[in-house]
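Take a look at the structure set out below.
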Amino acid sequence: MKTVFERPQSLVDTSFHFCPGCHHGTIHRLVAEAIDEYKVRETTIAAASVGCSVFLYDYFDIDVVESPHGRAPAVATGIKRANPDKFVFVYQGDGDLAAIGTAEIIHAANRGENITVIFVNNTVYGMTGGQMAPTTMLGQRTTTSPYGRDFAQDGYPIRMTEMLAQLEGVGYAARVAVDSPAHLGKARKAIMKAFATQIENRGMGFVEVLCTCPTNWGMGPIEANKRIAAEMIPYFPLGVYKERTGSDFM
Amino acid sequence: MPRLTIHEDRCKACGLCVEFCPKDCLALSDKFNPQGYHPVELVNPDECTGCAICAKMCPDVVFKVEK
Amino acid sequence: MAAKTFEKGNVAIAKAAVAAGCKYYFGYPITPQSDIPEYLSGVLPGVGGQFVQAESEIAAINMLLGAGSTGKRAMTSSSSPGISLKQEGISYMAGSEIPGLIVNIQRSGPGLGGISPSQGDYFQATRGGGHGDYRILVLAPATVQEMYDLTILAFELSDKYRMPAMVLADAMLGMMKEPLEEWIPKQAEEDKSSWALSGAKGRERRKIKSLFLGDGELAEHNWKMLEHYREVEAKETRVKIEVHDDCELAVVAFGSAARIAKSAVDRLNDEGRNIGMVRPITVWPFPYKEIRELAEKDIPFLTVELNVGQMVEDVRLSVEGRSKVSFAGYPPGYLPSPDEIYEEITKLLDKKD
Ligand SMILES: Cc1ncc(C[n+]2csc(CCOP(=O)(O)OP(=O)(O)O)c2C)c(N)n1
Ligand code: SF4
Ligand code: SF4
Ligand code: SF4
């Protein structure tokens, strides 16, 4: 008998604190699979961010330092510059990366920091109770957009992957989802690519993963999962936005 | 026949595996697990192909699949 | 003995960092400290190091946090407005027990203020500056040579106690040139392999963090930090005391203010007075005990600062009413001459006589 699926080794054997149906768990697993695949568990130093994923260090069997809200790309820059032989990744939510930490992510990307970024877009601030994020969809009601996000008031949802793909320092940029088996396969491949980008010294590897937050969306897990394809993907199209293959990164 | 190991204690009864199993092999049970959820169970073992779609869709890494 | 060169205070700090084996610098330009990044951007690449010009002081301090978490000797430097931006990161470094050097070449504030020398950041530096209950080591040089010596000491203490250290100087000390004798520390760098992040190879994984949500965990962490601070206070307080028997009055001043005040004190003593001088070299830990002992001998104090009254509060806390504490403050944009401080002291002596 052959094992076709099991818990990745670098994922600590414990329960996640995430709410039922929250995709953070799935995304954690995919990242752990990449750590295993590239055998970087023993050389990885990750920078955790502030949000529902702050407990990264409880779930991955790797060294982790906690960053202030939004600053993980700067923390990772410091780690990687001082330890170029280590594998360094950050895992950030959309409040963390696309609001308070925009300067840090854009400049880490622009400097071509050789790090891997997992960006989890769930259109809300999960940890603090579902307030509006820069990624909140137009019309979406949150605890701080009770009438629905209105572009005249709050602007449009921000598309980070498209923005970052423009920067020369980014070696790989993709947006993926984990709401269906087909999307999952692509998400897994993209995360692997973002790992390879760092290992092959091609600059920042960036993957945006569309994620549910059933709790703060006020939906059941199945309904929340459906929202990804119904509402998010049309505005946040999936795909590979940038992929350097050669040494055109100078 | 494929072997499905279900780590019931970890299940949060989100239903994603049930929704995506192409063979309708899974259902949420009536019992409670230590977290207070009705954990998933394999109700149609004969139909299971070991495709591992359930395992991949599960956010809580509840399954192990062998075949 | 190495030959002396004539160097700017800022350059002395940069050279000391290299001598201390610091290979990583992260910073954002601001007057009057830009000589430091300018010097290090030239030197660090040649010693296998990294110079990163960050997008902001916020990013720079977090890069320091990252490098520091891996046990690598690293630094950032800035001046007052930039140091304000670093406070978030400093608080996290303190909470996570990450070493690292922060240099503050103070300019005047509040706000954009100006680029003239100031000691207006004393409170910020000695009270932690960011949120939460914490302290950092703060060393206050008064000469170009001390800019060098205390930079090396700051690295060593920071590593030893796993807490951020600051060199607190100002525009005057940063920009002026004085003879400098460079030296290389003999002491080997602290072994950080017991806690630094290096990848979980052949050992349990490590977490460096400041979030403690477990029952009573954070209180315990705070108490542990306090105990640590008490140890630093007991072992690392440094102060230069020149006070003789029957001292009529002692001037307390640090950094540039101490230089100016010292000229006035010397002149008075040449004229036959008996004026003492107390110069805190560490302003955290502050020499409370040493000053209290002088107060117990009924010596009155005059605190001189380039601000409108900050360290004077610590002097009063040391004295606790045992003797009189006067204050002469010089807000930014204006450096007092030794003559003015001479006048200030004479006025106090006249009142007393
Ligand atoms: C400086 C600062 N401001 C605000 C907060 C409060 N805060 C904690 S998590 C968070 C947002 C998290 O949202 P997101 O990054 O989208 O991650 P999620 O929880 O949704 O995964 C905020 C605002 C903080 N910790 N620090
Ligand atoms: S609040 Fe939202 S993002 Fe956070 S764990 Fe729950 S579902 Fe996931
Ligand atoms: S392995 Fe495939 S067929 Fe079997 S229960 Fe899981 S999803 Fe259904
Ligand atoms: S997907 Fe996982 S957590 Fe959700 S019901 Fe199935 S086994 Fe339980």
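The values are calculated or read from the model by the stated rules, or taken from the named source; none is laboratory data. It should be emphasised that the depicted structure is a prediction, and the values quoted were computed from it without experimental measurement. Cβ sites come from the backbone with ideal geometry, for glycine too, and all protein chains shown count toward neighbours. Areas reflect the complete protein model, heavy atoms only, side chains present, ligands, DNA and RNA absent. Shrake-Rupley method; radii C 1.70, N 1.55, O 1.52, S 1.80 Å.
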Going by the conditions given, is B:LEU28 in contact with a helix residue (DSSP H, G or I) (Cβ under 9 Å, 6 or more places away or on another chain), within 8 Å of ligand 4 (Cβ to nearest atom) and open to solvent by 40 Å² or more (accessible area, probe 1.4 Å)?
-> yes
Would you be able to say whether some residue in region A:71-84 is open to solvent by 50 Å² or more (accessible area, probe 1.4 Å) and facing chain C (nearest Cβ under 8 Å)?
-> yes
Report yes if B:GLU47 is open to solvent by less than 40 Å² (accessible area, probe 1.4 Å), farther than 20 Å from A:ASP179 by Cβ, away from ligand 2 (no atom under 16 Å from the Cβ) and of a type outside the set (A, V, I, L, M), otherwise no.
-> no
Across region A:36-61, what is the total count of residues that are more than 15 Å from A:VAL120 (Cα to Cα), more than 14 Å from chain B (Cβ to nearest Cβ), in a helix (DSSP H, G or I) and within 17 Å of the chain's Cα centre (by Cα)?
-> 1
Out of the residues in region A:197-221 that are open to solvent by 10 Å² or more (accessible area, probe 1.4 Å) and more than 14 Å from chain B (Cβ to nearest Cβ), which is farthest from the chain's Cα centre (by Cα)?
-> A:GLY218
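Out of everything in region C:190-220 that is away from every other protein chain (no Cβ under 14 Å) and assigned to a loop (DSSP other than H, G, I, E, B), what residue ends up being least open to solvent (accessible area, probe 1.4 Å)?
Checking each candidate, the answer is C:GLY216.
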Residues of region A:29-63 being within 16 Å of ligand 4 (Cβ to nearest atom) and either in contact (Cβ under 8 Å) with a residue 60 or more places away in the chain or more than 17 Å from B:HIS7 (Cβ to Cβ) (or both), in sequence order, are A:LEU30
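Restricting to region A:123-147, and then to whatever is of a type outside the set (A, V, I, L, M) and open to solvent by less than 10 Å² (accessible area, probe 1.4 Å), can you tell me which residue is farthest from ligand 1 (Cβ to nearest atom)?
Filtering first and then ranking leaves A:SER145.
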Scan (1) closer than 19 Å to C:ALA328 by Cβ; (2) among the acidic types (Asp, Glu); (3) within 25 Å of the chain's Cα centre (by Cα) for the single condition C:GLU248 breaks and write down its number.
-> (3)
Count of residues meeting criterion [crowded, with 22+ Cβ neighbours inside 10 Å and not β-branched (Val, Ile, Thr)] in region C:1-14 = 5
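Results for (1) farther than 21 Å from A:VAL31 by Cα; (2) away from every other protein chain (no Cβ under 14 Å), shown as yes or no for each residue.
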site: A:GLU113; (1), (2): no, no
site: A:GLY126; (1), (2): no, no
site: A:PRO134; (1), (2): yes, yes
site: A:THR142; (1), (2): yes, yes
site: A:GLY148; (1), (2): yes, yes
site: A:PHE151; (1), (2): yes, yes
site: A:TYR156; (1), (2): yes, yes
site: A:LEU167; (1), (2): yes, no
